[in-house]
Each structure stands twice: as C-alpha cells, then as structure tokens.
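Taking it in order: structure first as structure tokens, then the write-up.
The values are calculated or read from the model by the stated rules, or taken from the named source; none is laboratory data. Every value quoted in this text rests on a predicted model; they were computed, and no experiment measured them. Cβ coordinates were reconstructed from backbone atoms using ideal geometry, including for glycine residues, and neighbour counts include every protein chain displayed.
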Amino acid sequence: MSGALLELRGVRAGYGSIEVLHGVDLVVPPSSVVALLGPNGAGKTTTLSVACGLLPPTSGTVLVAGRNVVGVAPELLAQRGVATIPEGRGIFPNLTVRENLQMATFAGVDLRRVEEVAYGRFPRLAERRSQVAGTLSGGEQQMLALARGLAVDPAVLLLDELSMGLAPLVVEELYGIVAQIARSGTSILVVEQFARTVLGVADVAAIMVNGVVRSVGEPATIEAELSSAYLGG
C-alpha cells in the first residue's frame, strides 16, 4: 500500500443526491497495469473522474505517491503527474497531428520533446504529422491521444475504454503499447467493459459491481469471476 502511485481509500462519490461509489478501495502499484472491469453502470468511469480530480469525493481519500490530493484541481493534479485519456479519445479533430501535440506544450513541455516522445513511441504519427486528426483511423486517433498523455511524462496514466469502437487487431496493438509504457515506469489504471481485451497485459485486475470493488487479484483468477459479475450472479 505504501508504495502505491495511486490509491483510493473508502471513496464515496456521486452526482447530486445519487451516490455511485459506495466506499471504493483501489491500489495502483508502481510500473504496473491495473484493469478495472465491470458491466455498464458499475461506477468505473466515475472512479476515474474521482482519481483525476474532475469529481470530488463526498468522503474517503485519494492518494498520489502517498499524498492526499482530494480537492486539488484537475490541472494541478495533471502537473503532479496524473494524465487522463477519456473515453472518446479526447483529441482535437480539426487540428493536425502536430497541432494536437503542440497543445501538450501548455503543460510546460518543449514541443521538440513532445514530438520526440510521440513519434518514437508511435512512428505512424510521424508519417501523418501534417494530417488533420479527424481523418485518422480510430486506432491512430487513440495513438495520438496516448501520445499527448505521455508528453508530460506522467507517473500515472488513466485510460477509459481504450478499445471503444476499434477492431480487435488494433486493440491488441494498443494494449501491447500500454504494456510497454508500464514497463518504462508509468503506472496505468485502465477501465474496460470488454474485460478480456486487457487481461492479457494487466498485472492486477479488479471487478467493480454496483459502485463497489468486489474482487482484486491476478488476471487469471479474476477472469474466472467475470461471468457472474457481468450476468449478476
């Protein structure tokens, strides 16, 4: 627990009078991929919103590298090393690939460094640097979103539904890249509805049902519980 890059302790949160998270405990260790799995409406995206500072918890604690960050603004949390790739990729479709990467410089990173990291990790983006981002394939758009997130050299990367709308082979390629990112030292919390797409690269998996983390363990162990979680058994 003490070595966790990101930790949620007893987190409760919701929208208005509706509580969605009912005491969530979750740990993301250093240099690891943690998969947060569960059916629609389980509270997975709400958990990410709390973790990145977009949604303040009504109770509980969020720790980044051991420091309580409850109440810290999302932009300040990003400066402390928490990067988020939202569902839907979060790129600027009317800007070119290079212009999208340039947006990351507002965090104080030099554009040359941003491009070096992006094109080194995703050579396909280098070939398309002058192309309007909205005309890229879905997989390339997700690569661009990841490249922007990595531009600030985050300690923790939060990914929401990386596989959304993508072909299986593209998803496999992207998750291979996610595994490489974790090995390079970034901790990753990834939310997925389609669980088996991420279990192959996850170090730890957790099942969330009805706003509670029901099980945490090795992916092979958690996979055996998936059917009952999704079917309500």
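Descriptive notes on the structure:
Here is a yes/no grid of residues against (1) under 22 Å from residue 74 (Cβ atoms); (2) of a type outside the set (Asp, Glu); (3) surrounded by fewer than 17 Cβ atoms within 10 Å (Cβ to Cβ):
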| site | (1), (2), (3) |
| --- | --- |
| 129 | no, yes, yes |
| 138 | no, yes, yes |
| 145 | yes, yes, no |
| 164 | yes, yes, yes |
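Listed here are the residues, each with its yes/no results for (1) in a helix (DSSP H, G or I); (2) touching a residue at least 24 places away in the same chain (Cβ under 8 Å); (3) touching a Pro at 6+ places or on another chain (Cβ under 7 Å).
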residue: 175; (1), (2), (3): yes, yes, no
residue: 181; (1), (2), (3): yes, yes, no
residue: 189; (1), (2), (3): no, yes, no
residue: 199; (1), (2), (3): no, yes, yes
residue: 205; (1), (2), (3): no, yes, yes
residue: 213; (1), (2), (3): no, yes, no
residue: 216; (1), (2), (3): no, yes, no
residue: 227; (1), (2), (3): yes, no, no
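- Tally of residues being of a type in the set (Val, Ile, Thr), in contact with a strand residue (DSSP E or B) (Cβ under 7 Å, 6 or more places away or on another chain) and surrounded by fewer than 24 Cβ atoms within 10 Å (Cβ to Cβ) across the range 1-27: 2
- Pick from the range 100-127, criterion in contact (Cβ under 8 Å) with a residue 24 or more places away in the chain and charged (D, E, K, R), ranking: nearest to residue 189 (Cα to Cα): 121
- For the range 216-233, the tally of residues that are surrounded by 19 or more Cβ atoms within 10 Å (Cβ to Cβ) and either within 25 Å of residue 147 (Cβ to Cβ) or at pLDDT 90 or above (or both) stands at 2.
- Filtered by the rule that a residue be over 27 Å from residue 7 (Cα atoms) and in contact (Cβ under 8 Å) with a residue 24 or more places away in the chain, the range 138-164 gives 138, 139, 141, 144.
- Between 177, 207, the distinction of being in contact with a helix residue (DSSP H, G or I) (Cβ under 6 Å, 6 or more places away or on another chain), of a type in the set (Val, Ile, Thr), buried (at least 16 other Cβ atoms within 10 Å of the Cβ) and at pLDDT 90 or above belongs to 207 only.
- Matching residues, the range 117-140, being farther than 18 Å from residue 167 by Cβ, within 24 Å of the chain's Cα centre (by Cα) and of a type in the set (Gly, Ala, Ser): 118, 120, 126, 133, 134
- For the range 59-92, the set of residues classified as part of a helix (DSSP H, G or I) and in contact with a Gly (Cβ under 7 Å, 6 or more places away or on another chain) consists of 74, 77, listed by residue number.
- Residue match in the range 39-62 (condition: surrounded by fewer than 17 Cβ atoms within 10 Å (Cβ to Cβ) and charged (D, E, K, R)): no
- Among the residues making up the range 6-36, those that are in contact with an Asp or Glu (Cβ under 8 Å, 6 or more places away or on another chain), assigned to a strand (DSSP E or B) and of a type in the set (Gly, Ala, Ser) are 10, 13, 35.
- Checked against (1) closer than 22 Å to residue 69 by Cβ; (2) assigned to a loop (DSSP other than H, G, I, E, B); (3) within 14 Å of the chain's Cα centre (by Cα), residue 163 meets all criteria but (1).
- Residue, nearest to residue 155 (Cα to Cα), within the range 2-23, restricted to residues that are modelled with pLDDT of 95 or more and under 17 Å from the mean Cα position of the chain (by Cα): 6
- All of 56, 39 fail the test of being farther than 21 Å from residue 150 by Cα, part of a loop (DSSP other than H, G, I, E, B) and modelled with pLDDT under 95, apart from 39.
- Residue count for the range 111-160 satisfying the condition of being part of a loop (DSSP other than H, G, I, E, B) and of a type in the set (Gly, Ala, Ser): 4.
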